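Note sheet for the following structure.
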Amino acid sequence: MSALLNPVSFLFACLSGWLNDHQQRAIEYLTEENRVLREQIGDRRLRFTDDQRHRLAVRAKELSRSALMQVATIVTPETLLAWHRKLVAAKYDGSSKRNPGRPRTPAKVEALVVRMAEENRTWGYDRIVGALANLGHEVSPHTIANILKRHGIEPAPERERKTTRKEFVSRHFDQIAATDFFTVEVWTLKGLQRFMILFFIELSSTGVKSVKLPPRSPNLNAFAERFVKSIKEECLERMIFFGEDALRTAIREYLAHYHAERNHQGLDNRLLIPNAEWKTDGVVHRKQRLGGALSFYHRDAA
């Protein structure tokens with residue numbers, strides 16, 4: 001029986017030796033090919049993708065360090081083994097399954113915090129917390145402090161000491177009026193006399209916006225000057241006045257027309273004070289002032 005096995009064993013040993021020799025020659029060729037390619041690359045650093053590192057690390061684990069020293073030509077054995085250790089660590093990394101910590105403050109809430117702090121200089125952290133609670137947002141004072149710090153906004157004690165020109169004007173806007181004067185020549189018993197007409201425009205009810213002008217600008221009071229232009233061209237320069245009463249009557253009639261009957265280009269060609277009782281259909285009527293110098297068309301009131 002043993003005599004019959006000896007030829008088979010011999011044949012198997014010969015085949016194994018041939019395969020090993022063939023495999024070794026293939027490895028030697030690939031190793032040499034890698035060296036040639038490495039010489040072509042020179043000193044340039046090779047950059048690997050995560051997939052390439054993973055594949056090399058898996059194969060490197062199957063070889064010993066001495067074997068890696070013989071075949072590895074583009075990556076050192078230490079680098080291959082380091083990649084393998086990272087794969088092992090990633091396998092047992094449970095950070096993705098951990099419960100999240102405190103969630104980040106939503107962007108819309110953070111924007112509200114910044115807005116409230118900028119619009120209300122005297123509001124501290126607790127005051128902003130209360131205002132947010134009114135809107136259904138629960139935020140701690142510590143979170144408020146961190147948000148303001150990230151946006152470079154000082155705490156309330158420092159903020160309330162600073163008042164900008166815009167804020168000062170806004171606080172007094174309801175009490176501010178543009179003012180100017182112009183002259184009109186009137187015939188009197190003493191001859192032609194010059195009358196000075198002083199007027200005021202309440203800014204809070206006219207939709208006027210504050211515009212910063214350069215120094216020594218000729219139009220530093222543009223809205224008032226526009227009113228002067230309107231009253232002169234539409235009324236005063238089209239009449240000759242005999243006495244102060246006539247001048248007062250003309251100005252009074254023009255102001256009534258200006259406020260309730262004149263369309264203003266600065267308000268998208270709308271009336272300053274529209275009458276809600278006027279109809280949009282029916283007979284059209286013309287309302288005249290100063291003998292037709294000023295006209296207004298409307299339909300019967302409802």
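Here are some notes:
- Label-point separation in nm, Glu118 to Ile27, each point 7 Å along Cα→Cβ: 6.9
- Whole-Hz ³J(HN,Hα) from phi, Karplus 6.51 cos²θ - 1.76 cosθ + 1.60, for the stretch 148-155, glycine and proline x: 5, 5, 4, 8, x, 9, 6, x
- Full extension of the chain between Asp180 and Asn146 gives 7.3 nm of extra length, using 0.36 nm per residue less the Cα-Cα distance.
- Net charge over other residues, Cβ less than 11 angstrom from the Cβ of Leu271 (K, R count +1; D, E count -1): 0
- Modelled FRET efficiency - R0 30 Å, Asp43 with Ala107, Cβ distances, 0.05 increments: 0.05
- Rounded to the nearest Hz, the phi-derived 3J(HN,Hα) couplings of the stretch 290-299 under the Karplus curve 6.51 cos²θ - 1.76 cosθ + 1.60 (θ = phi - 60°) are 6, x, x, 5, 10, 10, 8, 10, 7, 9, where x marks glycine and proline.
- Computed lengthening from Asp51 to Gln193, 0.36 nm per intervening residue step minus Cα-Cα distance: 41.4 nm
- Between Asp300 and Val228, residue separation times 0.36 nm minus the direct Cα-Cα distance comes to 22.7 nm.
- Annotation for Ala260 and Ala276: the two label points, set 7 Å from Cα along the Cα-Cβ direction, are 1.6 nm apart.
- Residue pairs exceeding 31 angstrom between C-alpha atoms, taken from Lys86/Lys149; Lys190/Lys287; Lys190/Lys229: Lys86/Lys149; Lys190/Lys287.
Read-outs: derived from the displayed coordinates by stated rules, not from any lab. Owing to the predicted nature of the structure, the values given are computational and were not obtained by experimental measurement. Neighbour counts run over all protein chains shown; Cβ positions are idealised from the backbone, glycine included.
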